[in-house]
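Colleague: Starting off with a structure, shown below.
The values are calculated or read from the model by the stated rules, or taken from the named source; none is laboratory data. Quick caveat, the model's predicted, so the values are computed rather than measured. Reconstructed Cβ throughout: ideal geometry from the backbone, glycine too, with neighbour counts over all protein chains shown. Heads up: the accessible areas ignore ligands, DNA and RNA and are worked out on the full protein's heavy atoms, side chains in. Shrake-Rupley method; radii C 1.70, N 1.55, O 1.52, S 1.80 Å.
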Amino acid sequence: QLQLLESGPGPVKPSETLSLTCTVSGASIKSISHYWGWLRQPPGKALDWIGNIYYSGNTYYNPSLKSRVSISVDTSKNQFSLRLTSVSATDAAIYYCARIGYSYFVDYWGQGSQVTVSS
Amino acid sequence: QSVLTQPPSLSAAPGQKVTISCSGSNSNIGNNYVSWYQQFPRAAPKLLIFDNSKRPSGIPDRFSGSKSGTSATLDITGLQTGDEADYFCGTWDSTLTTALFGGGTKLTVL
């Protein structure tokens with residue numbers, strides 16, 4: 001059974017960098033049929049797609065976040081990671097890592113990582 | 001405000017059928033596949049429908065999806081109290097070059 005588990009440092013201070021890692025178990029990250037991505041859900045708001053990566057390293061980012069976001073993959077550890085720079089209060093959300101299908105449906109989700117932005 | 005429009009809330013009685021709509025435009029729903037998700041409080045979303053009308057393994061056939069033009073619908077038949085959750089649609093937007101999600105519909109099963 002495929003499982004994704006997010007891990008991260010917890011609260012982030014304004015203007016600092018948010019870093020999260022997703023560990024994939026139960027399947028290889030070297031899937032030719034799927035992307036691996038990050039989404040977030042601010043309290044009471046719609047889901048927001050951050051971006052995704054193919055195992056080869058090709059990345060696709062939400063244009064509204066492109067200048068601040070970076071997603072990388074480590075196939076040796078079956079992990080992929082998110083970096084979001086210059087965070088502010090508007091970046092506070094539950095961050096999900098996910099497996100994304102060819103037509104941008106999300107078929108597997110991590111349990112979610114609550115990110116707070118506070119000084 | 002989401003580019004994809006869903007009714008904020010719907011209610012129906014157990015055993016009945018409910019239809020949840022998702023309205024978009026030619027740049028998103030009109031020319032791309034739609035997916036649907038169910039989300040319970042404090043839990044991750046769960047995929048119910050992908051590619052407009054396909055069900056992943058394990059999803060009951062009480063859940064069905066369809067698309068017509070720039071709108072998509074999720075039908076839930078034989079409503080159960082356990083279906084009380086938030087439901088939202090998702091798709092790709094070819095102009096914005098981003099994945100989009102609807103604002104969600106809170107379903108109450110009375």
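Colleague: Checking the conditions here, which among A:33, A:70, A:113 is in contact (Cβ under 8 Å) with a residue 12 or more places away in the chain, more than 14 Å from chain B (Cβ to nearest Cβ) and among the polar types (S, T, N, Q)? Outline the logic, then answer.
Modeller: On the way: A:33 fails: more than 14 Å from chain B (Cβ to nearest Cβ); A:113 fails: more than 14 Å from chain B (Cβ to nearest Cβ).
That would be A:70, the only listed residue that is in contact (Cβ under 8 Å) with a residue 12 or more places away in the chain, more than 14 Å from chain B (Cβ to nearest Cβ) and among the polar types (S, T, N, Q).
Colleague: If you check every pair at least six apart or on different chains, which have Cβ atoms under 7 Å apart with a residue in the range B:49-65 that is over 17 Å from residue B:19 (Cα atoms) and within 11 Å of chain A (Cβ to nearest Cβ) first and a residue that is open to solvent by 70 Å² or more (accessible area, probe 1.4 Å) and of a type outside the set (D, E, K, R) second?
Modeller: Listed pairs, sorted by first residue: B:51/B:33.
Colleague: So residue B:44 ticks every box in (1) in contact (Cβ under 8 Å) with a residue 24 or more places away in the chain; (2) of a type outside the set (S, T, N, Q); (3) surrounded by 14 or more Cβ atoms within 10 Å (Cβ to Cβ) but one. Which box is left unticked?
Modeller: The one condition residue B:44 does not meet is (1).
Colleague: Can you tell me how many residues in the range A:71-119 are of a type in the set (Gly, Ala, Ser) and open to solvent by less than 50 Å² (accessible area, probe 1.4 Å)? Steps first, please.
Modeller: Keep residues of the range A:71-119 that are of a type in the set (Gly, Ala, Ser), which gives A:72, A:76, A:81, A:86, A:88-89, A:92-93, A:98, A:101, A:103, A:110, A:112-113, A:118-119.
Of the ones still in play, those that are also open to solvent by less than 50 Å² (accessible area, probe 1.4 Å) are A:81, A:88, A:92-93, A:98, A:101, A:103, A:110, A:112-113.
Total satisfying the criteria: 10.
Colleague: Another question about this same structure. Do the conditions hold for residue B:40, that is, is it facing chain A (nearest Cβ under 9 Å) and of a type outside the set (Lys, Arg)?
Modeller: On the way: facing chain A (nearest Cβ under 9 Å): no; of a type outside the set (Lys, Arg): yes.
No.
Colleague: What tally of residues in the range B:72-106 results from selecting those that are more than 13 Å from chain A (Cβ to nearest Cβ) and either open to solvent by 60 Å² or more (accessible area, probe 1.4 Å) or touching a strand residue (DSSP E or B) at 6+ places or on another chain (Cβ under 7 Å) (or both)?
Modeller: Matching residues across the range B:72-106 total 10.
Colleague: Filtering the range B:1-24 down to residues that are farther than 20 Å from residue B:76 by Cβ and crowded, with 17+ Cβ neighbours inside 10 Å, which residue is modelled with the lowest pLDDT? Walk me through how you get there before you give the answer.
Modeller: The first filter runs over the range B:1-24 and keeps only residues farther than 20 Å from residue B:76 by Cβ, leaving B:1-3, B:24.
Remaining after also requiring crowded, with 17+ Cβ neighbours inside 10 Å: B:2-3, B:24.
Values: B:2: 77, B:3: 88, B:24: 97.
Restricting to residues being farther than 20 Å from residue B:76 by Cβ and crowded, with 17+ Cβ neighbours inside 10 Å, the top hit is B:2.
Colleague: Search the range A:73-103 for residues being in contact with a strand residue (DSSP E or B) (Cβ under 9 Å, 6 or more places away or on another chain), in a loop (DSSP other than H, G, I, E, B) and free of Cβ contacts under 8 Å to residues at least 60 places away in the same chain, and hand back the single one that is farthest from the other protein chains (Cβ to nearest Cβ).
Modeller: Restricting attention to the range A:73-103, the residues satisfying the condition of being in contact with a strand residue (DSSP E or B) (Cβ under 9 Å, 6 or more places away or on another chain) are A:73-74, A:77-85, A:87-103.
Among the residues that remain, those that are also in a loop (DSSP other than H, G, I, E, B) are: A:77-78, A:85, A:87-88, A:92, A:101-103.
If we keep only those that are free of Cβ contacts under 8 Å to residues at least 60 places away in the same chain as well, we get A:77-78, A:92, A:103.
Numbers: A:77: 22, A:78: 19, A:92: 16, A:103: 4 Å.
Only one residue fits best here, namely A:77.
Colleague: Which members of the range A:97-119 meet the condition of being of a type outside the set (Val, Ile, Thr) and within 14 Å of the chain's Cα centre (by Cα)?
Modeller: Start the filter on the range A:97-119 by keeping residues that are of a type outside the set (Val, Ile, Thr), which leaves A:97-99, A:101-105, A:107-114, A:118-119.
Those that are of a type outside the set (Val, Ile, Thr) and within 14 Å of the chain's Cα centre (by Cα): A:97, A:98, A:99, A:108, A:109, A:110, A:111, A:112, A:113, A:114.
Colleague: Now a separate question. Among what's in the range A:46-67 and is surrounded by fewer than 16 Cβ atoms within 10 Å (Cβ to Cβ) and in contact with a strand residue (DSSP E or B) (Cβ under 7 Å, 6 or more places away or on another chain), pick the residue that is nearest to the other protein chains (Cβ to nearest Cβ). Steps first, please.
Modeller: Pass one, the range A:46-67, residues surrounded by fewer than 16 Cβ atoms within 10 Å (Cβ to Cβ): A:56-58, A:63-64, A:66-67.
Among the residues that remain, those that are also in contact with a strand residue (DSSP E or B) (Cβ under 7 Å, 6 or more places away or on another chain) are: A:57, A:63.
Details: A:57: 19, A:63: 6 Å.
Step by step, filter the range A:46-67, then rank; the result is A:63.
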